[in-house]
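K.L.:
Let me give you the structure first, and then I'll get to my questions.
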Amino acid sequence: MEKNDKIYVAGHRGLVGGAIVRNLRSRGFGNLLMRSSAELDLRCQRAVEDFFAAERPDYVFLAAAKVGGILANDTYPADFIRDNLQMEVNVIDAAHRAGVRKLCFLGSSCIYPKFAPQPMKEEHLLTGELEPTNEWYAVAKIAGIKMCQAYRRQYGFNAIAVMPTNLYGPGDNFDLSGSHVLPALLRKFHEAKQAGEPEVVVWGTGTPRREFLHVDDMADACVHLMEVYEGENIVNVGVGEDVTIAELAGLVGQVVGYTGRIVYDASKPDGTPRKLLDVTRLAATGWRAHIGLAEGITSTYAWYLEHLGGRAS
Ligand code: GFB
């Protein structure tokens, strides 16, 4: 990518898109194209076609998606599959038609089978049943991968697909019914500390294992892969290490300074037992994560205090 190339970041108000914009700017890319969902509804084919035909970006990061934690995925399966399919089909097709030079599609580690061998390699895609709480989202993301591969094969369209592990960081969603576990726990521990509550309730059994990648690392990996990686094969993006939800809760409690009890609500779903990515393919491109989990949680908590002041809704 040249510094004055026109780069469209779809989803720039989201966790990942916002981080990609910060990363691009820090590397000196200034010709960035962004549209809020109110300005451009990516689910609307005509609007997306018109936008691409008028703007003709050189590069596209497709970071727009309908995302959420385990409960949101389980509660709104139709919204998750429809919105994500529509956005992927519209953006990838319009980008190809408008002569975009390269597109980077963001998938998710939940595309892999529920009981995939750990750590999960890229070749484990479509080798087993999906985790039921998020299969709708996963199927949409798998369709996005297949769109990229099919457009490369049939039209020679230069689209790559990267699979992030569970992400967190500044700009995350802290709404307890829709968020992922890390921001949810930060908020729960913070509010319990403020209110002097004797206990914090953590969903599930605390035994599932998850890998957490700071979104600034994710954005850096996306821009790096856009610059150096070519090909049909998908690429996992993670840190290569995981923790149990109980360990995560302990760490978040420490960062927040909460000294009460942690109790587990086993009536809430655990989801997939373990989700750890094999990052060998990524490492071969010369990239690795830099932000450790304790450091990342600490800076995310600082962001939460500064921006939401404990009043997230
Ligand atoms: O982050 P999370 O919602 O998503 O949940 P997944 C991870 C684990 O944390 C589950 C537990 O075992 C939850 O039961 N957990 C404990 C909590 N307390 C909480 C809490 O207060 N809130 C939440 N949200 N979880 C998602 C998928 O799966 O991962 C998406 O649903 C996406 O599709 C995303 O792929 C990366 O890791 O289980």
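Here's the yes/no breakdown for (1) touching a helix residue (DSSP H, G or I) at 6+ places or on another chain (Cβ under 9 Å); (2) modelled with pLDDT under 95; (3) surrounded by 19 or more Cβ atoms within 10 Å (Cβ to Cβ):
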{"position": "M87", "(1), (2), (3)": "yes, no, yes"}
{"position": "R101", "(1), (2), (3)": "no, no, no"}
{"position": "L106", "(1), (2), (3)": "yes, no, yes"}
{"position": "P117", "(1), (2), (3)": "yes, no, no"}
{"position": "E129", "(1), (2), (3)": "yes, no, no"}
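K.L.:
Got at least one residue in the stretch 16-35 being within 13 Å of the ligand (Cβ to nearest atom), surrounded by 15 or more Cβ atoms within 10 Å (Cβ to Cβ), of a type outside the set (S, T, N, Q) and under 21 Å from the mean Cα position of the chain (by Cα)? Explain how you work it out, then say what you get.
P.N.:
Here is the first cut: in the stretch 16-35, the ones within 13 Å of the ligand (Cβ to nearest atom) are 16.
In the following step, the residues that additionally are surrounded by 15 or more Cβ atoms within 10 Å (Cβ to Cβ) were identified as 16.
Still in the running and of a type outside the set (S, T, N, Q): 16.
Subset that is under 21 Å from the mean Cα position of the chain (by Cα): 16.
Scanning the stretch 16-35 turns up at least one residue that is within 13 Å of the ligand (Cβ to nearest atom), surrounded by 15 or more Cβ atoms within 10 Å (Cβ to Cβ), of a type outside the set (S, T, N, Q) and under 21 Å from the mean Cα position of the chain (by Cα).
Okay, residues lined up against (1) touching a helix residue (DSSP H, G or I) at 6+ places or on another chain (Cβ under 9 Å); (2) on the phi > 0 side of the Ramachandran plot:
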| residue | (1), (2) |
| --- | --- |
| I245 | yes, no |
| V263 | no, no |
| L293 | yes, no |
| G309 | no, yes |
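K.L.:
Quick one: A116 ticks every box in (1) assigned to a helix (DSSP H, G or I); (2) out of contact with any strand residue (DSSP E or B) (no Cβ under 6 Å at 6 or more places or on another chain); (3) of a type outside the set (S, T, N, Q) except a single one, so which number is it?
P.N.:
Only one criterion in (1) assigned to a helix (DSSP H, G or I); (2) out of contact with any strand residue (DSSP E or B) (no Cβ under 6 Å at 6 or more places or on another chain); (3) of a type outside the set (S, T, N, Q) is unmet by A116, namely (1).
K.L.:
Could you count how many residues in the stretch 254-313 are of a type in the set (V, I, T), more than 24 Å from S177 (Cβ to Cβ) and part of a helix (DSSP H, G or I)?
P.N.:
Applying the first criterion (of a type in the set (V, I, T)) to the stretch 254-313 yields 255-256, 259, 262-263, 272, 279-280, 285, 291, 297-298, 300.
In the following step, the residues that additionally are more than 24 Å from S177 (Cβ to Cβ) were identified as 259, 279-280, 285, 291, 298.
With the extra rule that they be part of a helix (DSSP H, G or I), the set shrinks to 280, 298.
Adding up the residues that qualify gives 2.
K.L.:
Oh, and also: Which numbered condition in (1) part of a helix (DSSP H, G or I); (2) under 22 Å from H224 (Cα atoms); (3) of a type in the set (V, I, T) is the only one that V89 fails?
P.N.:
Here V89 meets the rest and fails (2).
K.L.:
When you go through E232, E241, E227 one by one, which is the residue that is surrounded by fewer than 18 Cβ atoms within 10 Å (Cβ to Cβ), over 16 Å from the mean Cα position of the chain (by Cα) and assigned to a helix (DSSP H, G or I)? Before the answer, list the steps.
P.N.:
On the way: E232 fails: assigned to a helix (DSSP H, G or I); E241 fails: assigned to a helix (DSSP H, G or I).
That would be E227, the only listed residue that is surrounded by fewer than 18 Cβ atoms within 10 Å (Cβ to Cβ), over 16 Å from the mean Cα position of the chain (by Cα) and assigned to a helix (DSSP H, G or I).
K.L.:
Name the single residue, out of those in the stretch 169-185 being in contact (Cβ under 8 Å) with a residue 40 or more places away in the chain and within 20 Å of T244 (Cα to Cα), that is farthest from the ligand (Cβ to nearest atom). Even if it seems obvious, please write down each step before you answer.
P.N.:
So the first thing to find is which residues in the stretch 169-185 are in contact (Cβ under 8 Å) with a residue 40 or more places away in the chain, and the list is 169-175, 177-185.
Okay, now just the ones that are also within 20 Å of T244 (Cα to Cα), so 169, 179-185.
Working: G169: 13, S179: 6, H180: 3, V181: 3, L182: 7, P183: 8, A184: 3, L185: 6 Å.
Only one residue tops the list, namely G169.
K.L.:
Which of the residues spanning the stretch 142-191 are surrounded by fewer than 21 Cβ atoms within 10 Å (Cβ to Cβ), among the small types (G, A, S) and not in a loop (DSSP other than H, G, I, E, B)?
P.N.:
A143, A150, listed by residue number.
The values are calculated or read from the model by the stated rules, or taken from the named source; none is laboratory data. Keep in mind that what you see is a predicted model, and the values were worked out from it rather than measured. In this analysis, Cβ positions are derived from the backbone assuming ideal geometry, glycine residues included, and neighbour counts consider all displayed protein chains.
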